[in-house]
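The values are calculated or read from the model by the stated rules, or taken from the named source; none is laboratory data. Keep in mind that what you see is a predicted model, and the values were worked out from it rather than measured. So basically every Cβ, Gly included, is an ideal-geometry build from the backbone, and we count neighbours across all protein chains shown. Areas reflect the complete protein model, heavy atoms only, side chains present, ligands, DNA and RNA absent. Shrake-Rupley method; radii C 1.70, N 1.55, O 1.52, S 1.80 Å.
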Amino acid sequence: MNELNGVTVAFLAAPKGTEQVELTSPWQTVVDHGGTPRLVSTKPGRIRAFHHLERADAFTVDAVAADTSAADFDALVLPGGVANPDFLRIDRHAVDFVGGFFARGKPVAVICHGPWTLIEAGAVVGRTLTSWPSLRTDLLNAGANWVDREVVVCVDGPNTLVSSRRPADLPAFERALVDAFAGRPAEA
């Protein structure tokens, strides 16, 4: 399973508030498929993940958004958690980092509340995606086509955009992101 051999994947997470399983499960999938995951945040040091509202594990940051760009990576994963994307969307460097993947046509995978950061980056107009249900109105107001499915792969834009709703959808999300990051066409 080396579909992602040579592929470096950025995982963007705020210093606190990331839903741990939405970080660790896709991360392990990237590793299992031969890719290299790197944790990017808005500050150096460590981030604190959460299990819903309970503190969970800490993870070491590999790069700071202000000091790196989409040019340094092949793909991007945006985990959710309610607080994580809320912190990211008010950080100009994080928003610019995300926007760079769309500007360069690089694949992006986003789950749960993660699309809030995409909205701030102006990356959802005309795109079809899914999310945690409470983001539906925000995405519609930002010009997206929101659907309620476990995973959506949208190629109607400058890049492949994989989206998913919740932790229960991680198996489908991870299969789709491996295909997208390996450059395989989306299933019809």
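Here are some notes:
- Among residues of the stretch 158-188, those that are modelled with pLDDT under 95 and either in a helix (DSSP H, G or I) or closer than 17 Å to Ala75 by Cβ (or both), counted: 4
- Subset of the stretch 63-97 [within 21 Å of Ala182 (Cβ to Cβ), open to solvent by less than 40 Å² (accessible area, probe 1.4 Å) and not in a loop (DSSP other than H, G, I, E, B)]: Ala70, Ala75, Leu76, Val77, Leu78
- As a summary of the residue check, Ile119 satisfies the conditions (1) of a type in the set (Val, Ile, Thr); (2) over 23 Å from His52 (Cα atoms); (3) in a helix (DSSP H, G or I) except for the one numbered (2).
- Residue within the stretch 43-60 that is in a loop (DSSP other than H, G, I, E, B) and crowded, with 19+ Cβ neighbours inside 10 Å present: no
- Any hit, the stretch 155-176, residues being in contact with a Ser or Thr (Cβ under 8 Å, 6 or more places away or on another chain), within 18 Å of Ala103 (Cα to Cα), of a type in the set (A, V, I, L, M, F, W, C) and free of Cβ contacts under 8 Å to residues at least 60 places away in the same chain: no
- Scope the stretch 122-154; condition among the hydrophobic types (A, V, I, L, M, F, W, C), assigned to a loop (DSSP other than H, G, I, E, B) and closer than 21 Å to Pro167 by Cα; matching residues: Trp132, Val147
- Subset of the stretch 98-109 that is open to solvent by less than 10 Å² (accessible area, probe 1.4 Å) and either among the basic types (Lys, Arg) or in a helix (DSSP H, G or I) (or both) - its residue that is farthest from Asn159 (Cα to Cα): Val98
- Selection count, the stretch 13-35, where residues are without any contact (Cβ under 8 Å) to a residue 40 or more places away in the chain, in contact with a Leu (Cβ under 8 Å, 6 or more places away or on another chain) and of a type in the set (S, T, N, Q): 0
- Here Ile119 passes the criteria (1) more than 22 Å from Pro185 (Cα to Cα); (2) open to solvent by less than 10 Å² (accessible area, probe 1.4 Å); (3) among the β-branched types (Val, Ile, Thr) except the one numbered (2).
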